[in-house]
């Protein structure tokens, strides 16, 4: 999956905004103000940090060399995924959805209700 496809998929999800909170090259996708994916726009290698259930994160890292502990993130809850390193698009979509869903699950009840009401 290339960065354009990744961007289109993330931004189409309900309640998502793209931001640059750290600098002008680190693209962050947030749902209801909470981060679920981030990537650098200046790196030669396209990699994305995605939130992940800790047990699933360990399993993924064992199974796929292209998935490593989250770079500059809490390594228990975040993975860095090399998107153009041979992983199937359906797996990448599953990982994006998993990250998004984890963040939504952790939102305050009020924010989950607001998200549900969005068109």
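When we screen 29, 22 for residues that are surrounded by 18 or more Cβ atoms within 10 Å (Cβ to Cβ) and within 20 Å of residue 72 (Cα to Cα), the only hit is 29.
Quick one: would you say residue 8 is touching a helix residue (DSSP H, G or I) at 6+ places or on another chain (Cβ under 7 Å) and either in a loop (DSSP other than H, G, I, E, B) or within 22 Å of residue 88 (Cα to Cα) (or both)? So residue 8 fails the test. Within segment 47-65, being surrounded by 15 or more Cβ atoms within 10 Å (Cβ to Cβ), out of contact with any helix residue (DSSP H, G or I) (no Cβ under 7 Å at 6 or more places or on another chain) and within 21 Å of residue 29 (Cα to Cα) holds for 47, 49, 57. Residue-level analysis places residue 60 among those that are closer than 21 Å to residue 89 by Cα, part of a helix (DSSP H, G or I) and in contact with a strand residue (DSSP E or B) (Cβ under 8 Å, 6 or more places away or on another chain).
Inspection of segment 82-89 finds no residue satisfying the criterion of being loosely packed, with under 13 Cβ neighbours inside 10 Å, in contact with a strand residue (DSSP E or B) (Cβ under 8 Å, 6 or more places away or on another chain) and modelled with pLDDT under 95. In segment 14-35, the residues that are on the phi < 0 side of the Ramachandran plot and touching a residue at least 40 places away in the same chain (Cβ under 8 Å) form Cβ pairs under 6 Å with partners that are exposed (fewer than 13 other Cβ atoms within 10 Å of the Cβ) and in a loop (DSSP other than H, G, I, E, B), at six or more places apart or across chains, as follows: 14/118. Against the list (1) over 13 Å from the mean Cα position of the chain (by Cα); (2) part of a helix (DSSP H, G or I); (3) in contact (Cβ under 8 Å) with a residue 12 or more places away in the chain, the condition residue 93 fails is (1).
Set side by side, the residues 72, 77, 7 differ, and just one is under 12 Å from the mean Cα position of the chain (by Cα), surrounded by fewer than 18 Cβ atoms within 10 Å (Cβ to Cβ) and at pLDDT below 95, which is 77.
The values are calculated or read from the model by the stated rules, or taken from the named source; none is laboratory data. This structure is a prediction, so every number in the text was calculated from the model and none was measured. Methodologically, a virtual Cβ is constructed for each residue, glycine included, from the backbone with ideal geometry; neighbour enumeration extends over all protein chains shown.
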